[in-house]
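The values are calculated or read from the model by the stated rules, or taken from the named source; none is laboratory data. Since we're looking at a predicted model, the values are computed, not measured. Cβ coordinates were reconstructed from backbone atoms using ideal geometry, including for glycine residues, and neighbour counts include every protein chain displayed.
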Amino acid sequence: MSDAPKSEIFGLDCYSPAQIQANVEKLGVKKATMPFLPSFMLSIVAGGSIGLGAMYFLIMQADPALSFALQRMLGGVGFSLGLLVVLVAGAELFTGNNLIVMAWANRQISLRAVLRNWVIVWLGNLVGSLGLAGLLYLAHTYSLNNDGFGTALLKVAVAKVAPDSLTIFVKGVLCNLLVCLAVWLAYAGRTVVDKVAAILLPVSAFVAAGFEHCVANQFFLPLALLLKTTGHIPTDLDLSVLTIGSVLHNLLFATLGNIVGGSLLVGAIYWIIYRKCLGGLYPIDNDKQV
């Protein structure tokens, strides 16, 4: 009889945090060394995917009959569609890619490779977000529910560009703390159902709290600005704060906050715990990698 260890038949257990950490490092190397074209195209897919989740969120926001908490919770669940498509169908999302700092910290990739990936993916996400925004505009989606969709969008946009730099930055930090935790938890699962369950609560929490996700804002803010510019303003909202300058201001500080929240508060913290502090206590079984 062979002494080789037997593999699991059903594999009902989740991957351990140490296994997730090791796998995130491997994925970080692959992401950072991916050629430009596939990386950029996958980033476009991710931008459009997050935009679809944002569209779903706005449909929930367009219903004034819902209570605040229920509207936010359902909107957050709908928004989770975006990250689910990214993780299951495969795409490159800037906020999730902040976790590749774990591979850099382990000296498997250079800082230049990290920054190259972030720039390519951020720009690709922008192209995908703008593309979907344009399609939804041409489809007159803003007129849903007697212009309720457009009204909800404009209110969301004004709320995003009005705060000062520090507020937007901190909201960005908190947002990507939750997004990267959702990605981390999803890597623990073995099935699509596992990933859905892992994503729902963290993503819906950041949406419900009104935190700042730079890729979602690449969709919300340009589409709102397009409605304002073309005169499709279904209410008497004061949109004076919604300008190209305020949109760029939000995207800058939301992006910086997202980097800190994902790279430091999730990536760096888990890397220190499972690679530096506990690395010798939890050897990785390569047969059980994600």
If Thr191 satisfies every condition in (1) hydroxyl-bearing (Ser, Thr, Tyr); (2) at pLDDT 95 or above; (3) surrounded by fewer than 15 Cβ atoms within 10 Å (Cβ to Cβ) but one, which is the exception? (2)
Of Phe40, Phe57, Phe79, which residue is at pLDDT 95 or above, surrounded by 12 or more Cβ atoms within 10 Å (Cβ to Cβ), touching a Gly at 6+ places or on another chain (Cβ under 9 Å) and more than 20 Å from Gly210 (Cβ to Cβ)? Phe40
Does Leu153 fit the bill of being crowded, with 19+ Cβ neighbours inside 10 Å, of a type outside the set (Lys, Arg) and more than 14 Å from the chain's Cα centre (by Cα)? yes
Answer yes if at least one residue in region 66-87 is over 11 Å from the mean Cα position of the chain (by Cα) and among the hydroxyl-bearing types (Ser, Thr, Tyr), and no otherwise. yes
Considering only region 111-120, I want to know if a residue exists there that is closer than 15 Å to Ala54 by Cβ, in contact (Cβ under 8 Å) with a residue 60 or more places away in the chain and touching a helix residue (DSSP H, G or I) at 6+ places or on another chain (Cβ under 6 Å). no
Which of the residues belonging to region 197-255 are acidic (Asp, Glu) and free of Cβ contacts under 8 Å to residues at least 12 places away in the same chain? Asp236
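Somewhere in region 127-134, is a residue closer than 26 Å to Tyr270 by Cβ and either in a helix (DSSP H, G or I) or at pLDDT 95 or above (or both)?
Checked region 127-134: no residue is closer than 26 Å to Tyr270 by Cβ and either in a helix (DSSP H, G or I) or at pLDDT 95 or above (or both).
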Take the residues in region 194-233 that are in a helix (DSSP H, G or I) and of a type in the set (D, E, K, R), then tell me which one is surrounded by the fewest Cβ atoms within 10 Å (Cβ to Cβ). Asp194
Residues in region 25-68 that are in contact (Cβ under 8 Å) with a residue 40 or more places away in the chain, hydrophobic (A, V, I, L, M, F, W, C) and within 19 Å of Ser204 (Cα to Cα) total 9
